[in-house]
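Here is the structure we will look at, set down as structure tokens.
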Amino acid sequence: MTRKIILQRKRIFIAVEGEGEQSFIKFIQQLSSQQGLHVHLDCEILKGGGYKTMLERAIRYRSRKERYKAEASILLVDADRAEKDDGWSLEQLRAEAQKNKIDICLQTPNQEGLFLRLLPGKQHLRPNANTAHRDLCKEWHDYQKPIDARTLMSKFSLDDLLRVANVDKDLKLLLTKIGFH
């Protein structure tokens, strides 16, 4: 009798701003499962704040889970978060994150801007942070915040993510760390 070998999932720690980002990670988890990627996206909500606050929380949450040893650690934040400054620039965030072995993945300019760019033919847009929500609602009439993973699954596909990742280095980094090529 042969024993069934169970493949161990690659664990990736992802710290996110809020519920919408958590849903986005659940959406990516579902896509990775559909693609047969053996990955577990361990997502922690940071409940907002500035760059410094969120990085400190991400480090603290990750250290609580040390025994589960993540192969990668990622902080997913909005690029416009710098406007809600707690003393750190984006450059300082990247430098401090690198010291702590955490990759930074920016949603440019914010999550609504990313979703707008996921729509067909919109990947090259450079949405303004102040108008991204309004612009998204013009294209996606029933969009509501915070979004849930099921809605994202019905609206977007892996092809949409990969199309935007070709012009968005942060999204490409996130997808590459997870195992999409």
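Tell me the residue from R3, R117, R94, R62 that is free of Cβ contacts under 8 Å to residues at least 12 places away in the same chain, among the charged types (D, E, K, R) and closer than 29 Å to F156 by Cβ, please.
Unique residue meeting the criteria: R94.
Which count do you get for residues in the range 105-125 that are surrounded by fewer than 19 Cβ atoms within 10 Å (Cβ to Cβ) and either part of a strand (DSSP E or B) or over 18 Å from the mean Cα position of the chain (by Cα) (or both)?
Going through the range 105-125 one residue at a time, the tally reaches 5.
Tell me yes or no: at least one residue of the range 56-72 is within 14 Å of the chain's Cα centre (by Cα) and buried (at least 20 other Cβ atoms within 10 Å of the Cβ).
Scanning the range 56-72 turns up at least one residue that is within 14 Å of the chain's Cα centre (by Cα) and buried (at least 20 other Cβ atoms within 10 Å of the Cβ).
Of all the residues that make up the range 131-150, how many are under 13 Å from I25 (Cα atoms) and part of a helix (DSSP H, G or I)?
2
Among the residues of the range 21-59, which ones are without any contact (Cβ under 8 Å) to a residue 40 or more places away in the chain and among the hydroxyl-bearing types (S, T, Y)?
Across the range 21-59, the qualifying residues are S33, T53.
Within the range 151-161, is there a residue that is acidic (D, E) and farther than 20 Å from F27 by Cα?
No, the range 151-161 contains no residue that is acidic (D, E) and farther than 20 Å from F27 by Cα.
Only the coordinates and a few stated rules stand behind these numbers; no lab work does. None of the values given here were measured: they were computed from a predicted structure. Neighbour counts run over all protein chains shown; Cβ positions are idealised from the backbone, glycine included.
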